[in-house]
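Reading through the structure tokens given below for one structure.
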Amino acid sequence: MANRGNFSGRLGFIMAAAGSAVGLGNIWKFPYEAGQNGGAAFLLIYILLTFLLCYPIMLGEIAIGRKAASDAYGSYKQLGGKNWGYLGLYGILCGIMILSFYNVVAGWAFGYFLEISFGNLLDHPNYGTFFSEYVIDFWDNLIFSACFMAITAFIVLKGVQKGIEAASKIMMPALFSILILLIIYSLTLPNASAGISFYLLPDFSKINFQTVYSALGQAFFSLSLGMGALITYGSYVNKNQNILSSAATITVMDMSVAFLSGLLIFPLVFSQGQSPAEGPALVFVVLPGIFNSMGPIFGRVIGGGFFLLLCFAALTSTISLLEVPVAYFVDQKKWSRKSTTWLLAGIIFILGLPSMLSQGAVKMFSSLPFYQGRSALDFVSEVFSDISLPLGGCLMTIFIVRRWGTHNMSEELYQGNETYKNSLLEKYINFSIRYICPVILGIFSILIIIDKFYGVDKLMN
Ligand code: PHE
């Protein structure tokens, strides 16, 4: 087999996979989802689901990838036959569509980095209006997200070790550090404690069907599960690596960044007297306030630094999203890495245009008649991530149970960790893959689809 590239070692893989996991999902999506869905109650369910369902799914994906040493399609096909290959194609499609809207939001973050660094945003009296004006500015959005896609393509093009791994190793620690510094600062602001209670003291009466499925979708999205990103990355992992501990580290890192973002955002929201249920605009509206309060110079440096790191976090995710389809065309169709990367980046960028124009710039995309009048960005992100990722995870567990065999998955996990054999953890993971995951994910996938298109309330009344 041709040399497909490999991660240099344990740290390289962990950093790249954690880089894929940690991104806008943690810093942009998690706080607004938690804000809309009851704060602490959401956090609690999110953590539970991550351990109960997502960790086993992550192990499954990495094991499949490492065993087959191929892209998402090739891995399923090799271990399960041609028909299962379609599950890989499904994942590749989800990756393409997720990247299309993700790149738009990354473009906003990039724009904010520039606006804050040049001081344009901090002088503005109202961050809420700034944001809503900002997202309808066609040229800015077009240019910034095009730049973002180009940088993504450039790194993917360099291959696994020199591009993906090297980028992640620098950006991840930097992000952690600046988050911690900002949290310390935000905790000292007046009324910060109201934010802490909202975020950490669960009100169980707030838990409903929507809280659970939002937390589920969020957990899958945040951990990059359900679409083959970790199958693809798993295919570059050496046989002697301990997948169990690597996956645990990745999960904990991802959860910590999400947790820390909440710890940063909610004290700020409450100290500025804003609503936590602001939706996707939340971090873009709330964060500039803290930077402004730091004074003109300091605010620009720290604020610019923060959004730059947010861009880096998004970048290590966009490269993993682009790597999934690129690996497919390179492995299966034998296309050259270079032309595949640029071609796909271009196509995905174009696919993202409706999402880019859906924040009020173009009416047709801002209010889709067939999607309860919601925007194209909502549509793509909800269909291809909130719905499709848990469904993809469900189908993957069915693949393992019915086709590949949990014993083969275990066999793959023994390599690099002999103590896993017959351990309690092994029993739990197999139980989860066999019963908990397919049943819970299956039921929820169906209910989410019904809710998104028709509204579950209507069904119940
Ligand atoms: N996990 C990434 C984030 O949290 C997004 C992502 C989803 C990346 C799926 C790859 C695959 O931002």
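The values are calculated or read from the model by the stated rules, or taken from the named source; none is laboratory data. Quick caveat, the model's predicted, so the values are computed rather than measured. Using ideal geometry, Cβ is built from the backbone for each residue, glycine included, and neighbour counts are taken over all protein chains shown. These accessible areas exclude ligands, DNA and RNA; they are computed on the full protein's heavy atoms, side chains included. Shrake-Rupley method; radii C 1.70, N 1.55, O 1.52, S 1.80 Å.
A few notes on this one:
- Helix 138-157 vs. the chain, principal-axis angle (Cα, 0 to 90°, nearest 10): 30
- Acute angle (nearest 10 degrees) that the helix 437-453 long axis makes with the longest principal axis of the chain, alpha-carbon atoms: 40
- Near Asn6, the amide H atoms lying under 5 Å from its own belong to Gln161; only residues 5 or more places off or on other chains count, and H is placed 1.01 Å from N.
- Principal-axis tilt of helix 296-332 within the chain, Cα atoms, nearest 10 degrees: 30
- Ranked by solvent-accessible area (1.4 Å probe, protein heavy atoms only, all chains present), the residues His124, His407 order from largest to smallest as His407, His124.
- Taking one quarter of the surface of the C-alpha convex hull of segment 272-429 gives a mean projected area of 16.1 nm².
- The trypsin sites (Lys or Arg not before Pro) of segment 416-451 that DSSP puts in a loop, and whose beta carbon has at most 12 other beta carbons within 10 Å, are Lys421.
- Rounded to the nearest 20, the size of the Cβ-charge dipole of the chain about its Cα centre is 1400 debye, with Lys and Arg at +1 and Asp and Glu at -1.
- Here the 3J(HN,Hα) profile of segment 39-47, calculated from phi with Karplus coefficients 6.51, -1.76 and 1.60 at θ = phi - 60°, is x, 4, 4, 5, 4, 4, 5, 4, 5 Hz, Gly and Pro shown as x.
- With every protein chain in place, the chain: carbon and sulfur % of accessible area (1.4 Å): 66
- Per-residue 3J(HN,Hα) values for segment 376-383, derived from phi via the Karplus relation 6.51 cos²θ - 1.76 cosθ + 1.60 with θ = phi - 60°, read 4, 5, 4, 4, 5, 6, 6, 6 Hz in sequence order (x marks Gly and Pro).
- Bins of 5 Å from zero: percent of alpha-carbon pairs in segment 186-334: 2, 7, 12, 17, 17, 14, 12, 9, 6, 3, 1, 0
- For q = 0.18, 0.25 Å⁻¹, Debye-computed log10 I/I(0) when each Cα of segment 158-262 counts as one equal scatterer: -1.12, -1.46
- Kirkwood radius for segment 97-194, taken over all pairs of different Cα atoms as the inverse mean of 1/r, rounds to 16.0 Å.
- With the charge dipole of segment 1-112 set up from +1 on Lys and Arg Cβ and -1 on Asp and Glu Cβ about the Cα centre, the Cα lying farthest toward the positive end among the listed residues Ile27, Tyr73, Ile45 is that of Tyr73.
- Long-range HN-HN contacts of Arg374 with modeled amide H, under 5 Å: Leu368
- Pairs of alpha carbons in segment 1-104 whose separation is greater than 22 Å (percent): 48
- One Cα centroid belongs to segment 1-60, the other to segment 387-461; the line between them spans 16 Å.
- Computed across the chain, the Kirkwood hydrodynamic radius from all distinct Cα-Cα pairs reaches 22.1 Å.
- Distance from the C-alpha centroid of segment 184-262 to that of segment 79-139: 19 Å, rounded to the whole angstrom.
- Extents of segment 249-349, largest first, come to 55, 30, 25 Å (Cα atoms, principal axes, whole angstrom).
- Under Karplus coefficients 6.51, -1.76 and 1.60, residue-wise ³J(HN,Hα) of segment 264-281 in Hz, glycine/proline x: 7, 6, 5, x, 5, 4, 6, 6, 8, x, 9, 8, x, 8, 5, x, x, 7
- Taking all Cα pairs closer than 8 Å and separated by 6 or more residues, the relative contact order of segment 339-388 comes to 24 percent.
- Among the chymotrypsin sites (Phe, Trp or Tyr not before Pro) within segment 187-261, not one is in coil by DSSP while having at most 10 neighbouring Cβ atoms inside 10 Å.
- Volume per residue of the C-alpha convex hull in segment 342-404, rounded to whole Å³: 103
- Helical mean residue ellipticity (222 nm; -39500 (n - 2.57) per DSSP H run of 4+; nearest 500) of the chain: -22500 deg cm²/dmol
- Peptides 146-159, 28-41, 366-379 ranked from most to least packed, by the mean per-residue count of other Cβ atoms within 10 Å: 28-41, 146-159, 366-379.
- For the chain, the solvent-accessible area of protein heavy atoms averages 37 Å² per residue (probe radius 1.4 Å; ligands and nucleic acids excluded).
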